[in-house]
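Read through the structure below, which is laid out as structure tokens, and then see the notes.
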Amino acid sequence: MRKLFFLIVVLIAAFIWGDFSFINDIKDFALLSGKKNIVVMGCDIRKDDVGRSDTLFVVMLDKDHKQASLLSIPRDTRVKIKDRGWDKVNAAFAYGGHQLTESTVQDFLGIKLHNYVVVDFQGFKDLVDVIGGVDINVEKRMYYYDPYADFEIDLRPGMQHMDGKTAMQYVRYRDEEGDIGRIRRQQKFIMAVYKQIASKNIIAKMPGVSKQIMSMIKSDLSLKEMVELGKVMHDMLARDGLKMAMVPGTPKYIDGISYWIPDIPKMRRQMAEMQNVKITEKFNENTKKLQEEYTGSLKK
């Protein structure tokens, strides 16, 4: 049961898992694949709205070296979406669900994605509650009200124990830093969960948790694969093997709409480093082509 508990770590910020039979036979050599890559989508799905990927990141797992990397993708990142043109990356989920999001992210980053996980807001709240909440030091006063979603954020500074509802407020809050500041808080939250997960008091709550997790998320992974992930995450926790990064870029307004404009060459080099593989000639060609296309689209 202890193995299963560590699975929740990666799921918590909206979130993750994967199988561990590494795929080496990659037909498209334009894609890098040195690790097990899982795209994770935290979505604001409602009964009358398919929603968008409010939180988006890729977890890269290195089973042999017991390490994991987490790459956050700002939801305002400007990307090319198949049959839709240039748009914010979070729009891919609204247009085509997890399938279109997965293919869009894969083409953008240039790495092979092996699995996906989707967690809606209710699933996130339930996951946090399952582990008994998380302790977070809120760095400042946070208040916001969204009348459309009837969603309120009302947090005061200082250390506090957050249940699922309160944690949702913390990871969704946006200030003058926009999505970048929110990503920092989300990564801070994930790290807090990652470290707290080893608590013996929490481990005692594990019976029946695996079935609960299955009902909280949507993924192409099985319960057996969840157990495998739990074991790997346990080993990584012991070695402090979780590293975090974000797609490099700069904010920019285009026609009055805010975007995150990625530094594509830098991002692609970052991908090779995070995958721990050498850049192939085909990957280089693909990167140059993407950069030229991106530059051209900005001039229109």
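The values are calculated or read from the model by the stated rules, or taken from the named source; none is laboratory data. Just so we're clear, the structure is a prediction, and the values are computed from it rather than from any experiment. So basically every Cβ, Gly included, is an ideal-geometry build from the backbone, and we count neighbours across all protein chains shown. These accessible areas exclude ligands, DNA and RNA; they are computed on the full protein's heavy atoms, side chains included. Shrake-Rupley method; radii C 1.70, N 1.55, O 1.52, S 1.80 Å.
In table form, for the structure just shown:
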read-out: Over 24 Å (Cα to Cα) - which of Lys224/Lys278; Lys125/Lys188; Lys252/Lys289; Lys218/Lys252; Lys88/Lys140 fall in this group; value: Lys224/Lys278; Lys218/Lys252; Lys88/Lys140
read-out: Spatial extent of region 102-199: Rg and Dmax, with the Cα atoms as the point set, Å; value: 15.1, 41
read-out: Calculated log₁₀ intensity ratio I(q)/I(0) where the Debye formula runs over C-alpha points of region 86-141, q = 0.16 Å⁻¹; value: -0.72
read-out: Where the Cα pairs of region 35-135 fall when distances are cut into 10 Å bins, in %; value: 15, 44, 31, 10, 0
read-out: Leu242 long-range amide H proximity, modeled H, under 5 Å; value: Ala68
read-out: Positive minus negative residues near Asp62 (Lys, Arg vs Asp, Glu; Cβ under 10 Å); value: +3
read-out: Lys165-Glu281 FRET efficiency (beta carbon distance; Förster radius 45 Å; 0.05 resolution); value: 0.35
read-out: Among 83-89, 289-295, the order from most to least packed when residues are scored by Cβ within 10 Å on average; value: 83-89, 289-295
read-out: Region 86-140, accessible area per residue, ligands and nucleic acids excluded (1.4 Å, Å²); value: 30
read-out: Extension gain from Lys266 to Lys82, taking 0.36 nm per residue of separation minus the Cα-Cα distance; value: 63.9 nm
read-out: Amide N of region 78-107 lying under 14 Å from the label point, which is placed 7 angstrom from the Cα of Leu298 along Cα→Cβ; value: 78-80
read-out: Cα→Cβ-extended label distance, 7 Å offset, between Arg141 and Arg174, nm; value: 2.2
read-out: Lys218 versus Asp154: modelled label distance in nm, points set 7 Å from Cα along the beta carbon direction; value: 3.2
